[in-house]
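Notes to accompany the following structure.
The values are calculated or read from the model by the stated rules, or taken from the named source; none is laboratory data. Treat the numbers as computed from the prediction; the structure is a model and nothing was measured. Cβ sites come from the backbone with ideal geometry, for glycine too, and all protein chains shown count toward neighbours.
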Amino acid sequence: MATDLSSSTSDDLGIGEYQYGFHDSTDNYTFKSRKGLDREIVEQISAMKKEPAWMRDFRLEAYDIFLSKPMPTWGGDLSHLNFQDIHYYMKASDRQEQSWDDVPDDIRKTYDRLGIPEAEKKYLAGVKAQYESEVVYGSLQEDLAKKGVVFTDTDSAIRDYPELVREHFGTVIPSFDNKFAALNSAVWSGGSFIYVPKGVEIEFPLQAYFRINSENMGQFERTLIIVDEGASVHYVEGCTAPTYSSESLHSAVVEIIVKRNARCRYTTIQNWSNNVYNLVTKRAMAYGNALMEWVDGNLGSQLTMKYPAIYLMEPGARGETLSIAFAGKGQHQDAGAKMVHCAPNTSSRIVSKSISKAGGRASYRGLVKVEPHATNCKSNVVCDALILDAESRSDTYPYIEIEQEHVAIEHEASVSKIAEEQLLYLMSRGLTEAEASAMIVTGFIEPLVKELPMEYAVEMNRLIELQMEGSVG
Amino acid sequence: MVASLKIQDLHVSVEGLPILRGVSLEVRQGEIHALMGPNGSGKSTLAYTLVGHPKYEITQGSIEIDGKPLNELDACERARLGLFLAFQYPIVIPGVKVADFLRHAITNIRNPDRKEGEGLIPMREFRKELKAMMDELGMDSEFARRYLNEGFSGGEKKRMEILQLAMLKPRFAVLDETDSGLDSDAVRVVSEGLRKLSGPQMGVLIITHHERLLEYNVPQFTHVMLAGKIVETGDASLARELHNEGYSKVRLRHPEEAAEEAARASGRSSEANRTAEPASV
Ligand SMILES: Nc1ncnc2c1ncn2[C@@H]1O[C@H](COP(=O)(O)OP(=O)(O)O)[C@@H](O)[C@H]1O
Ligand SMILES: [Mg+2]
């Protein structure tokens, strides 16, 4: 359980010394752990990072939990996931070893089509470790620092804000929560740490995009966000461009604490390359009258299992999850949301849209839970699936657990195909069948896409167009 | 050179049921043709067939633009050859903004060789043009940001069709009851709009029951369809006559088609029985 932060003032946080700008390892040695996972690797990771003992112990304990937990048998097919065939830790400089020539053609083409700048392309493809953007956003960071906002990577946070991190780390998602949370807890690296002090409202979205380095968008990042009372923040991470990874497992943990009267929106767009298992645990706790919103877009990967959760801890807390999943050829998106009403007068809303195409499979898996004493709760769930061809598949697994009579829960689900009349209408205006289909799909997800920051919305739409091209006719 | 849209001996079936039974018609750029006929005679079937609706199967005959056969082309290819249909019942496309849709459409129509994914016409230029056109048609520019036909009234939908016609500037426009279901103000707007747009570069086929549209856009030719055939062709005075007197005289002059019409209406069509799926009548 999260504890109260009010005793930590910004002075305690050492804001004065805060080095804004991106964590950039000053050690120039290269290190790549050998493949596979054992106690020694976990210890090595901790040692490489020169972590305090509590973190090393946290990792080792998590490793034991990981071993003791069985593989989940629900959701997607994990039988081909081989934990011993993965590198669990790489230093930034290692990633440069990959050459641009090794990046698959289709991914390179997509970068071109999305008009991604050269430097960024190489970063996304794992060719270039650093994407220099601190300069541009430096003044912005300075402004944040003045207000006492901490925005750094989690490794640095352990060093620079040990108290604050230790107090909250692993409290929202304990290692024993599930096998992949345990795995992440044992081998995590990178991720973002954000602290927004009481009453501070950040107007613009904070973007991991601005300050990515190789560790930040690594395989096992760990993000912790604390929004203090009355504060607000919108955090955006990820990128619509396909993120090429030679490693096949991405397993992140995101923990968020939204204190009384605070607001947090967390937007993610992920588009992993087709070899990746994307198994992410995201959870937020929202306290009295707080608002937590997850906006989650999942494209790519071979299997995504992701169900952002919101625990509504105190009266008046609200939670909202908007998710979009696109399952193409050979892909299974098993995504959804989880809302747990732990207090009276809390409300939640889930809107999920999925598209499946070319044999892809999109599953909505959601849980709405109302605890016994949580009276007068409201929950509204809408999930719409669009299936583009006969080979593709969509399923809905809505779970509702209510231990309380005085609740209002609504659930609507629809499954549709593209109507012939819509295609004809658009094609009769000169659009090809693929363009017309893409436009219909884009319209289908528009209610969610319009919630994205502008540049993400534009990229998202272009990406859908790309996914639709050459798929028909 | 003046291009022409040429329909020859067109036979069309829907789900195995023959609807058109040998329609021939030629529309040249710059001409206005009216197509009239009682409900169910096959006017919309002709319109959908022209634009390439996959449900409408050509069993015999041909459609050509400038000697180029359209039979095997899809709706997109036909549109790029300059054919346009203002739909009797415009389709709602949820979540797609009018402006985004139109920008894409006119890019393709003006550059028929454009490949998927190539750039669209510049936003500024497009916006300016769209705004000017909406002003001219007396449309609120707020419509550009709305989702295509979603929540539009009948009149708004028809005006949206005219706006598309105006932006796409086709060589051949088919208007399927664009004036139906509108109040008289809306009919006037649509009629004036069409008059402004049509000209020597556009051949127009107007399907209508009403006079107003034809007052503003006087047809050189009026065709009457009955039970899937064009039974008479005349000039503007024929349209006036049909409007004033209805189709009873036409039926008397063409007893065979009138009988077929009656048979279709009661589901006992001799032709239908031969080829129809049992459930389709
Ligand atoms: N999509 C369709 N499915 C089934 N029957 C159709 C379809 N379209 C047209 N028809 C039939 O074809 C005949 C002609 O219809 P239509 O072309 O709409 O006539 P009009 O436009 O002249 O009123 C009618 O009997 C109608 O029921
Ligand atoms: Mg009709």
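Is it true that some residue in the stretch B:86-98 is over 25 Å from A:E446 (Cβ atoms), among the charged types (D, E, K, R) and either more than 7 Å from chain A (Cβ to nearest Cβ) or within 12 Å of ligand 2 (Cβ to nearest atom) (or both)?
no
For the stretch A:399-473, please list each of the helices (runs of 4 or more DSSP H) lying entirely inside it that holds at least 2 residues being over 24 Å from the mean Cα position of the chain (by Cα).
Once the helices (runs of 4 or more DSSP H) in the stretch A:399-473 are filtered for at least 2 residues that are over 24 Å from the mean Cα position of the chain (by Cα), what remains is A:420-427, A:433-449.
Counting just the residues of the stretch B:225-247 that are of a type in the set (A, V, I, L, M, F, W, C) and in a strand (DSSP E or B), which one comes out farthest from ligand 2 (Cβ to nearest atom)?
B:V231
Would it be correct to say that A:K369 is in contact (Cβ under 8 Å) with a residue 60 or more places away in the chain and not aliphatic (A, V, I, L, M)?
Here the answer is no, as A:K369 does not meet what is asked.
Got at least one residue in the stretch B:101-110 being within 14 Å of another protein chain (Cβ to nearest Cβ), in a loop (DSSP other than H, G, I, E, B), modelled with pLDDT of 95 or more and away from ligand 2 (no atom under 14 Å from the Cβ)?
No, every residue in the stretch B:101-110 fails to be within 14 Å of another protein chain (Cβ to nearest Cβ), in a loop (DSSP other than H, G, I, E, B), modelled with pLDDT of 95 or more and away from ligand 2 (no atom under 14 Å from the Cβ).
Taking the condition among the hydrophobic types (A, V, I, L, M, F, W, C) and touching a His at 6+ places or on another chain (Cβ under 9 Å), does B:A75 pass?
yes
How about the stretch A:174-197: which of its residues are without any contact (Cβ under 8 Å) to a residue 40 or more places away in the chain and surrounded by fewer than 23 Cβ atoms within 10 Å (Cβ to Cβ)?
Across the stretch A:174-197, the qualifying residue is only A:P174.
How many residues are away from ligand 2 (no atom under 16 Å from the Cβ) and surrounded by 24 or more Cβ atoms within 10 Å (Cβ to Cβ) when one looks only at the stretch B:28-62?
So the answer is 1.
Please go through the stretch B:1-43 and pick out each residue that is β-branched (V, I, T) and modelled with pLDDT under 95.
B:V2
Which is in a helix (DSSP H, G or I) and among the aliphatic types (A, V, I, L, M), of A:V165, A:V172?
A:V165
Please tell me if A:A208 is at pLDDT 90 or above and crowded, with 21+ Cβ neighbours inside 10 Å.
Against the criterion (at pLDDT 90 or above and crowded, with 21+ Cβ neighbours inside 10 Å), A:A208 does not qualify.
Is it the case that B:P90 is free of Cβ contacts under 8 Å to residues at least 24 places away in the same chain, within 18 Å of the chain's Cα centre (by Cα) and within 16 Å of ligand 1 (Cβ to nearest atom)?
Working: free of Cβ contacts under 8 Å to residues at least 24 places away in the same chain: no; within 18 Å of the chain's Cα centre (by Cα): yes; within 16 Å of ligand 1 (Cβ to nearest atom): yes.
So B:P90 fails the test.
Go through the stretch A:425-451 and give me each residue that's more than 23 Å from B:P90 (Cβ to Cβ) and either of a type in the set (V, I, T) or buried (at least 23 other Cβ atoms within 10 Å of the Cβ) (or both). Steps first, answer last, please.
Of the residues in the stretch A:425-451, the ones more than 23 Å from B:P90 (Cβ to Cβ) are A:448-451.
Scanning the stretch A:425-451 gives a single hit, A:V449.
Only one residue in A:E410, A:E401, A:E405, A:E435 is within 14 Å of chain B (Cβ to nearest Cβ) and either acidic (D, E) or in contact with a strand residue (DSSP E or B) (Cβ under 7 Å, 6 or more places away or on another chain) (or both). Which one?
Of A:E410, A:E401, A:E405, A:E435, the one residue that is within 14 Å of chain B (Cβ to nearest Cβ) and either acidic (D, E) or in contact with a strand residue (DSSP E or B) (Cβ under 7 Å, 6 or more places away or on another chain) (or both) is A:E435.
Given the condition part of a loop (DSSP other than H, G, I, E, B), within 12 Å of the chain's Cα centre (by Cα) and assigned by the TED database to the domain that holds A:V381, answer yes or no: does some residue in the stretch A:269-287 qualify?
Checking the stretch A:269-287: not a single residue is part of a loop (DSSP other than H, G, I, E, B), within 12 Å of the chain's Cα centre (by Cα) and assigned by the TED database to the domain that holds A:V381.
Restricting to the stretch A:438-465, count the residues that are facing chain B (nearest Cβ under 7 Å) and over 19 Å from A:G300 (Cβ atoms).
Here the count works out to 5.
What's the number of the only condition in (1) touching a Lys or Arg at 6+ places or on another chain (Cβ under 6 Å); (2) within 14 Å of chain A (Cβ to nearest Cβ) that B:V187 fails to meet?
(2)
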